[in-house]
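Every number here is computed from the coordinates shown, using simple stated rules; none is lab data. Worth saying up front: this structure is predicted, and the values here are computed from it rather than measured. A quick note on method: Cβ atoms are made from the backbone with ideal geometry, for glycine too, and the neighbour counts reach across all protein chains shown.
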Amino acid sequence: MLQQLTINSNTYHGFSLEDAVKGASKAGFKQIELAAVKDHTAHVLPDMSPEQLNEIKTLLREYGMKCVGIGAHSNVMNEEGITNLLKSIDLAMEFDCRFVITATGDAHNDTDVIEDEAILARNLEPIIEKCEKLNKVLVLETHGNNYATGSSLKKLAQSLNNRVKINYDTANVIFHGNTLPYEDLEASVDCVEFIHLKDKAGAYNEWNFPAIGDGNLDFPRLFETLKKADYKGPISVEIEFTSAGPANLEEVNNSVVKSYNYLSTIIGS
């Protein structure tokens, strides 16, 4: 499963994409999920010029890094979010990757309450149609105010379309859903096609996501579930530190190296 490891460029929030590619490549990563969240981590965006997009492609080629997903968190309960997600599918075409990642609400401080799932389904219709047309997969993340667990997202995905799957975030289910990931992942893994591998320290509702292996999660147990399910999708490592953020780029790079080395010891090839 080592070849499935991916760096989520949101790990380098506050730093450049070049910093992310260089640091992750040096650590051993060969795949990347490009963060495409305006006003947060905008390493790639739909409104970038062809020249800017080509510069990113050149950077990835230079470091032997393949893009496997566009992290395009959009609030699909409003028109702006729907439009952004539709344009982000074009980014997936541009970078020749299969997955477009989003939650259902805002990327941060999600307060929307989805009382009528039919509205959500209707909002997702044009997105799903475009994914079908372009052979992309929309993966909804365990995140936010409405679908914080794999079990809840599995029910939603199965009610929608085979193009909709789960991006299982191993720490978000704790932070947003007050649920440990072990049994929840087992219950939903047959619908999971993307993983945000994130550790969790501190109280359930504390923003504390350290290097993989430095927190409280039992990763050997999680990987046992993935192996039993013959999981073949990307495993995107995301480190979000504490609310204070990392001290500097060196701390980020060291955490990325530490995470890759730890994962190498527990999952092998």
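Tabulated results
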| item | result |
| --- | --- |
| Percent of beta bridges antiparallel (DSSP, the chain, rounded to nearest 5) | 15 percent |
| Spin-label model distance (nm) - Lys38 vs Gln158, 7 Å beyond Cα toward Cβ | 3.6 nm |
| Dipole of segment 166-214, positive end: most advanced residue of Tyr168, Ala203, Pro181 [Cβ charges, Cα centre] | Ala203 |
| Amide proton proximity set for Glu193, modelled H, under 5 Å, gap of 5+ | Ile166, Tyr168 |
| Cα centroid of segment 139-213 to Cα centroid of segment 1-17, whole Å | 18 Å |
| Met1-Ala203 FRET efficiency (beta carbon distance; Förster radius 22 Å; 0.05 resolution) | 0.15 |
| Entries of Lys22/Lys87; Lys57/Lys228; Lys30/Lys228; Lys22/Lys155; Lys87/Lys232; Lys26/Lys130 with Cα pairs more than 32 Å apart | Lys57/Lys228; Lys22/Lys155; Lys26/Lys130 |
| Charged-residue dipole, Cβ positions (Lys, Arg, Asp, Glu), segment 28-168 about Cα centre, Debye nearest 20 | 740 debye |
| From the C-alpha gyration tensor of the chain, square roots of 5λ in Å | 25, 23, 18 |
| Extension gain from Asp96 to Thr83, taking 0.36 nm per residue of separation minus the Cα-Cα distance | 2.7 nm |
| FRET efficiency estimate (nearest 0.05) - Cβ-Cβ, Glu224 to Glu250, R0 35 angstrom | 0.55 |
| Extension gain from Asn145 to Tyr63, taking 0.36 nm per residue of separation minus the Cα-Cα distance | 25.8 nm |
| Percentage relative contact order, the chain, counting C-alpha pairs under 8 Å, at least six apart | 19 percent |
